[in-house]
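The values are calculated or read from the model by the stated rules, or taken from the named source; none is laboratory data. Not measured: the values here are computed from a predicted model. Neighbour counts are summed over all protein chains in view; Cβ atoms, including those assigned to glycine, are modelled from backbone coordinates with ideal geometry. What goes into the accessible areas is simple: the full protein's heavy atoms, side chains included, and nothing from ligands, DNA or RNA. Shrake-Rupley method; radii C 1.70, N 1.55, O 1.52, S 1.80 Å.
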Amino acid sequence: MAKASTRFVCQSCGAVGTKWAGRCETCGEWNTIVEEKPLSQGPSGKSLGKSRGRAVVLSDLSTKEDPPPRTASGLDEFDRVLGGGLVPASAVLMAGDPGIGKSTLLLQAAAAFANAGLKVVYISGEEASAQVRLRARRLGLEKAPVKLATETNLRDILTTLDESRPDLAIIDSIQTMWADNVDSVPGSVSQVRAAAHELTTFAKRTGSAVMMVGHVTKEGQLAGPRVVEHMVDSVIYFEGERGHQFRILRSVKNRFGPTDEIGVFEMTGGGLSEVPNPSALFLAERGQPAPGSVVFAGIEGTRPVLVEFQALVAPSPHSQPRRTVVGWDGGRLAMILAVLESRCGIPFAGLDVYLNVAGGMRVGEPAADLAVAAALLSAREDAPLPPDTVVFGEISLSGSLRPVGQSENRLKEARKLGFSKAILPEGGKATASGGMALTRMPDLTAFVGDVFGAG
């Protein structure tokens, strides 16, 4: 049997090579390449279990091997993001900015699952036991039947978990774990990859669910190799602006449920409290109608959410006007401005443009194009839209408006919150019901002329 060759891995980007170099050719970083010893190959023909390691016909699988049903924690917003509850033998990775509340949320979730009858172990590699107990006492969870451990050695953690076989193991965080068979420091690409692999393998082998906390970079992406996101079953991000008390739990990958699902929480003195009606929360501080304020009826995952877009257009004292965006895609804003100028004859040259999504919400769907255009025109023309109007629709580069999906759910949520008018593209399956007046627009030029009388 041929001996596996040694490989050299960059600790910054994860690039793999066959020889050592002082500088990584992929990312350009210096002194980040270290040697890694490969795993030895096992003997051929060795059985790995009934259905592991060999092909089986799907219809021949016994129903006895079917996994047990999901377990709901009772935290509806948390269960929604997981796809309805915790799936046995699943690996979940949660990422978020420092101090956003990841440990607080997972401690509350651990107590909720434990109270629901699961055997839960919370392992902290960043805090001492006294610090975790202090947080639990502040949250009123000191009597929850959760087992607590503080350890960073992966071998000791896996040994303990293998003996106790919990239903749920929470690892806080994956960057603090270190495997003694990997010659690199904790938090490096090799260590993070090895720890995530071992924990995910443990979950699949024993049927225990594992939740891991991950750090993020300054760009907001998960720190470490991207292969970790492919290893796990679910990747969820905990988002929020430090100036707002709202926190959003967003699913970006989920093998057991819909992606882009969100759960909304509010940070309080007693921990994170659920927000069952996010639309009412995001619009709660909306005052009198003002130029540049438009309500957008959006869809996040499977739930409709109404948010307020705020725009400000002002003369620029600089030779290069500013384009500042918070909560939306800056490239998409540039496209909307170009379409308004090219197709509708409304220039924004020499004008600073500021766009904000109120409440710290982040919107990514193209259905917000028409609401953004309405906010920009309202701010530029100093003409507020009626306060009981919602707007949604996608804008193409030709200036035409395209219908979007789930229009009925958007309108139903708007009616529930007291809105009586909606501006949307022509086509689609939306119908005027419940006393809501629908104004359909064929293209952006007609929208500009009918609503603002400009162009």
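Tabulated results
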quantity: Qualifying residue in the range 191-200 (condition: touching a residue at least 40 places away in the same chain (Cβ under 8 Å) and among the acidic types (Asp, Glu)); calculated: yes
quantity: Residue that is farthest from Ala109 (Cα to Cα) [pool: residues in the range 136-159 that are of a type in the set (Gly, Ala, Ser) and surrounded by 13 or more Cβ atoms within 10 Å (Cβ to Cβ)]; calculated: Ala149
quantity: Strands (runs of 3 or more DSSP E) contained in the range 315-432 and holding at least 1 residues basic (Lys, Arg); calculated: 323-326, 421-425
quantity: Qualifying residue in the range 214-225 (condition: open to solvent by less than 30 Å² (accessible area, probe 1.4 Å) and within 22 Å of Gly85 (Cα to Cα)); calculated: yes
quantity: Residue match in the range 253-276 (condition: under 20 Å from Leu424 (Cβ atoms) and of a type outside the set (D, E, K, R)); calculated: no
quantity: Candidate set: the range 278-301, residues that are modelled with pLDDT of 85 or more and of a type in the set (S, T, N, Q); chosen: the one farthest from Gly85 (Cα to Cα); calculated: Ser293
quantity: Residues satisfying the stated conditions in the range 111-122, i.e. surrounded by fewer than 22 Cβ atoms within 10 Å (Cβ to Cβ), outside any helix (DSSP H, G or I) and of a type outside the set (Gly, Ala, Ser); calculated: Leu118, Lys119
quantity: Single condition Pro276 does not satisfy, out of (1) under 30 Å from Glu35 (Cα atoms); (2) touching a residue at least 40 places away in the same chain (Cβ under 8 Å); (3) out of contact with any strand residue (DSSP E or B) (no Cβ under 7 Å at 6 or more places or on another chain); calculated: (1)
